[in-house]
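This report refers to the structure that appears directly beneath it.
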Amino acid sequence: MESLFSLKGKVALVTGSSRGLGQGIAVGFAKAGAGVIGVSSSSSSNTKELVESEGARYYELAADLMDPMAAKQLAAEAISLTGQVDILVNNAGIIRRNPVAEHSDDEWFDVININQNSVFFLCREIGKHMLERGSGKIINIASMLSYQGGLTVPGYAASKHAVAGITKSLANEWASKGLNVNAIAPGYFATDNTAPIRENEARKSSIEARIPQGRWGTPEDLQGAAIFLASDASNYMNGHVLCVDGGWMGS
């Protein structure tokens, strides 16, 4: 049973690895035995320390995922660096909060470029490598807003609906070719993206009241789901969006 969830000998590329959910996933993979290629627009030295403390290799790559050309270069660098990418986690994402009538073009396109376009571009580029090898695990990070509309975050909601659609579309094409493409939809987690909500006591309390477990998630709460989708334990799972939400969607 232990080997079913083992990632020994695997290499995982995780975007947005410098903090939050990306860091938590990277450390979880290290605990399961995988080497990690951490991708961030800023230094991820803290993630490097945490991964290496688990006895795993950590490779750091910088990329501006706002740039549509970044994915192709990043894929080439990652494969050249390690010779293989067995697992891809598209975690990097941003959020811009403004009422729709005041939502600027820049706010819209910044979110769409990183949360949606970079996900597709990286799936395509790393996917080519996985197709050549006949195996691979792709995990996209969706959201509760893959199902709901939210407030003052139209670009974020649109992009996370798109992530769910991209995941299902790629699974339809690639499942028969040895690839597993799935997504995780985190509930309300304590990260930088949710800091403005948590600072509003009334909003924070109203959200907690709707979470059956009665608390916000932590990056560590995502590790088990990520390891499951990256391991042989999920070999017959494809095109699924897995909610890790403390019961939010069932409430």
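Structural remarks
- Distances between placed amide hydrogens fall under 5 Å for Asn140 paired with Asn90, Asn182, Ala183, Ile184, all partners being 5 or more residues away or on another chain.
- For the chain: relative contact order, % (alpha-carbon pairs under 8 angstrom, 6 or more apart): 21
- Fully extending the segment from Asp67 to Ser45, taken as 0.36 nm per residue of separation minus the present Cα-Cα distance, adds 5.6 nm.
- Expected 222 nm ellipticity per residue - DSSP helices of 4 or more, -39500 (n - 2.57), all of the chain, to 500: -12000 deg cm²/dmol
- The base-10 log of I(q)/I(0) for the stretch 100-235, evaluated at q = 0.16, 0.21 Å⁻¹, reads -0.93, -1.30 [Debye formula, identical scatterers on Cα atoms, solvent excluded].
- Straight Cα distances below 18 angstrom link Lys72 to the aspartates and glutamates Glu60, Asp64, Asp86, Glu125, Glu132, with same-chain residues fewer than 8 positions distant left out.
- Dipole in debye (nearest 20) - the chain, about Cα centre, beta carbon charges: Lys, Arg +1; Asp, Glu -1: 520
- With respect to the chain, whose longest principal axis is taken over its alpha-carbon atoms, helix 70-82 is tilted by about 40°.
- Sequence-distant lysines (8 or more away, or on other chains) whose Cα lies within less than 16 Å of Lys31: Lys8, Lys10, Lys48
- Debye log10 I(q)/I(0) for the stretch 193-251, one point scatterer per Cα, at q = 0.20, 0.25 Å⁻¹: -0.85, -1.06
- Taking only the C-alpha atoms of the stretch 93-178, the Rg (one decimal) and the largest Cα-Cα distance, Dmax (whole number), read 14.6, 48 Å.
- Within straight-line reach of Lys168, meaning a Cα separation under 21 Å, sit the following lysines at least 8 residues removed in sequence or on another chain: Lys128, Lys137, Lys160, Lys177.
- Residue-level accessible surface for Cys123, protein heavy atoms, 1.4 Å, Å²: 0
- What the phi angles of the stretch 13-20 give under the Karplus curve with 6.51, -1.76 and 1.60, with θ = phi - 60°, is a coupling list of 9, 10, 8, x, 8, 6, 6, x Hz, glycine and proline written as x.
- Cβ-based net charge around Val89, under 13 Å, with every Lys or Arg adding one and every Asp or Glu removing one: +1
- For Ile94, distant residues with modelled amide H under 5 Å away: Asn115
- For the stretch 8-92, diffusion coefficient by Stokes-Einstein and Kirkwood Rh (Cα), 37 °C, 0.692 mPa s, µm²/s: 267
- Direction-averaged projected area, Cα convex hull, the stretch 121-163: 3.3 nm², rounded to one decimal.
- Normalised by the number of residues in the stretch 9-108, the average gap of Cα pairs under 8 Å and 6 or more apart makes the relative contact order 31 percent.
- Gyration tensor (alpha-carbon) shape descriptor, the stretch 1-150, a/c threshold 1.5: prolate
- Computed over the chain, the Cα gyration tensor eigenvalues convert (square root of 5λ each) into semi-axes of 27, 20, 18 Å, ordered from largest to smallest.
The values are calculated or read from the model by the stated rules, or taken from the named source; none is laboratory data. Remember, it's a predicted structure, so these values are computed and weren't measured experimentally. Cβ: placed from backbone, ideal geometry, glycine included. Neighbour counts: every protein chain shown. Accessible surface areas use protein heavy atoms only, side chains included; no ligands, DNA or RNA. Shrake-Rupley method; radii C 1.70, N 1.55, O 1.52, S 1.80 Å.
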